[in-house]
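Trainee: Before I ask anything, let me first share the structure, which is written out below as structure tokens.
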Amino acid sequence: MSYQINTITPEQESRFPEWVEKWVNIGLSTEPIDFNKAKEDVCSIYKAIGLKTPVVLYAQSPYEAVVIGNVARLYINGLIKTGCFPPQVASQVASQVWSQVASQVASQVWSQVWSQVGSQVGSQVGSQVWSQVASQVGSSNNFTNEFKNILKQNYSDFRYGSINSSWYSYISFLRDVLGWENNILKTHQYNESLAQNSLLTWYHDNVAVVCDRPLIIRRNVRSELHNESGPALEWRSGEPMYCINGITVNEKIVIAPHTQTIEEIEAELNNDVKSIRIERYGWMRYLKDIRAGLVDKRNNDIDNTKEALFITPNGLKRFIATCPTGKLVSLSIPNEIQTCEQAQFWLANDVDKKYNVIGRT
């Protein structure tokens, strides 16, 4: 194409919120997919890129898709372990965008549509799903070592669907609102249709597995997967994912945090998870159970808080402050801090001690 899109009109710009809402709803949908329609789209994708029609299967979770796909591929191929991942049409689409849409226009749509959808779907939900699958593949104990190695080699052969709604919101805005035209969009339409009707698809040479959407998605105000009383995400297979503020944790931390042991908490290697473990266990209970020593305490009449400074058996300082509402703040403090007052000044980054303001995380 010889033309280039150089401007966005006020009317076109006014449609940003509409596009964001549409694709966020697609990305966070928990409605069951239409598998027959998804199967048609997958077959159209294979045909468009010159591959034979694959066997298209259905899965209720990404991990199930990996397992089913590899089993089917090995069975169909007579245990041939090599395959190919269909070329991603998205990369071809992207190369055309950069040449036919002025950089300032592409950047504006990217920031107003892609980034806003991605911040609510892809960067939070997508990354957590990916991490869960990788963890499950790495810890699979129900298979032979040979098959576990196959899973590790091929588990990442995904093409994201609704999880990657940010990408499809971006391209569809350029096409439907700004009027971008390109022959590559004829192929892209199958990917886009599939994205609106699947969470993701696991692809291989002659097998594709379409994954259904989750049954439950729960998030906090920052769009992070979060639920303090149950699964933050649950697949239709019944398989749960537990998350606190976007951090994946195990079931006990969410459902029965009081049953954790000090040994479990101290053995936790992930600092983010360990912090959540302690918070759910209770900071005061934790400090008592590890026999932390009280260094200083006071009533802070200015902030109306009760404060205490502790030192743990491994020599680390911890500053605790509670307000009348029951809110407790626990913060790491440098070892040279000896009093609650010094902790306050340090938290306020006030070396001249002009203020007395509590720092919060």
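Trainee: Would you point out the residue of the range 267-283, among those that are touching a residue at least 12 places away in the same chain (Cβ under 8 Å) and within 16 Å of Pro313 (Cβ to Cβ), that is most open to solvent (accessible area, probe 1.4 Å)?
Mentor: For the range 267-283, the residue satisfying everything is Trp283.
Trainee: Let me ask another. Pull out all pairs, ordered by first then second residue, where Cβ-Cβ is under 8 Å, the residues are six or more apart or on different chains, the first lies in the range 162-177 and is more than 17 Å from Val121 (Cα to Cα), and the second is in a loop (DSSP other than H, G, I, E, B) and not polar (S, T, N, Q).
Mentor: Pairs found: Phe173/Arg15; Leu174/Trp180; Arg175/Glu181; Val177/Arg15.
Trainee: Here is a further query. Tell me which of these Gln338 doesn't satisfy, since it passes every other one: (1) on the phi < 0 side of the Ramachandran plot; (2) surrounded by fewer than 17 Cβ atoms within 10 Å (Cβ to Cβ); (3) modelled with pLDDT under 90.
Mentor: (3)
Per-residue answers, yes or no, for (1) surrounded by fewer than 13 Cβ atoms within 10 Å (Cβ to Cβ); (2) at pLDDT 90 or above; (3) assigned to a helix (DSSP H, G or I):
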{"position": "Val24", "(1), (2), (3)": "no, yes, yes"}
{"position": "Val42", "(1), (2), (3)": "no, yes, yes"}
{"position": "Tyr63", "(1), (2), (3)": "no, no, yes"}
{"position": "Ala72", "(1), (2), (3)": "no, no, yes"}
{"position": "Tyr75", "(1), (2), (3)": "yes, no, yes"}
{"position": "Ser91", "(1), (2), (3)": "yes, no, yes"}
{"position": "Trp98", "(1), (2), (3)": "yes, no, yes"}
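Trainee: Under 7 Å between Cβ atoms, which residue pairs at least 6 apart in sequence (or on different chains) link something in the range 248-262 that is in contact (Cβ under 8 Å) with a residue 40 or more places away in the chain with a partner that is surrounded by 11 or more Cβ atoms within 10 Å (Cβ to Cβ) and not hydroxyl-bearing (Ser, Thr, Tyr)?
Mentor: Cβ pairs passing all conditions: Thr248/Gln128; Thr248/Gln132; Thr248/Met241.
Trainee: Now for a different question. Counting only residues that are over 17 Å from Val117 (Cα atoms) and open to solvent by 40 Å² or more (accessible area, probe 1.4 Å), which one in the range 149-174 is modelled with the highest pLDDT?
Mentor: Taking the range 149-174 and keeping what is over 17 Å from Val117 (Cα atoms), we get 149-159.
Checking which are open to solvent by 40 Å² or more (accessible area, probe 1.4 Å) leaves us with 149, 152-153, 155-156.
Details: Asn149: 77, Lys152: 73, Gln153: 73, Tyr155: 65, Ser156: 69.
This residue is Asn149.
Trainee: Can I ask one more? Could you check the range 254-282 and list, in sequence order, the residues that are of a type outside the set (A, V, I, L, M, F, W, C), under 25 Å from the mean Cα position of the chain (by Cα) and outside any helix (DSSP H, G or I)?
Mentor: Glu268, Asn270
Trainee: Looking at Ser198, is it in contact with a strand residue (DSSP E or B) (Cβ under 9 Å, 6 or more places away or on another chain) and farther than 28 Å from Lys37 by Cβ?
Mentor: Values: in contact with a strand residue (DSSP E or B) (Cβ under 9 Å, 6 or more places away or on another chain): yes; farther than 28 Å from Lys37 by Cβ: no.
In short, no.
Trainee: Go through (1) open to solvent by 10 Å² or more (accessible area, probe 1.4 Å); (2) in contact with a Pro (Cβ under 8 Å, 6 or more places away or on another chain); (3) closer than 15 Å to Ala65 by Cα one by one and return the number of the condition Pro231 breaks.
Mentor: (3)
Trainee: Look at the range 284-307 and say how many of its residues are touching a Phe, Trp or Tyr at 6+ places or on another chain (Cβ under 8 Å) and either crowded, with 16+ Cβ neighbours inside 10 Å or among the hydroxyl-bearing types (Ser, Thr, Tyr) (or both). Before the answer, list the steps.
Mentor: To start, the set of residues in the range 284-307 that are touching a Phe, Trp or Tyr at 6+ places or on another chain (Cβ under 8 Å) comprises 287, 292-295, 307.
Remaining after also requiring either crowded, with 16+ Cβ neighbours inside 10 Å or among the hydroxyl-bearing types (Ser, Thr, Tyr) (or both): 287, 292, 295, 307.
Qualifying residue count, the range 284-307: 4.
The values are calculated or read from the model by the stated rules, or taken from the named source; none is laboratory data. Computed from a prediction, not measured in an experiment: that's the story for all the values here. Methodologically, a virtual Cβ is constructed for each residue, glycine included, from the backbone with ideal geometry; neighbour enumeration extends over all protein chains shown. Protein only, heavy atoms only, side chains kept; ligands, DNA and RNA dropped before computing areas. Shrake-Rupley method; radii C 1.70, N 1.55, O 1.52, S 1.80 Å.
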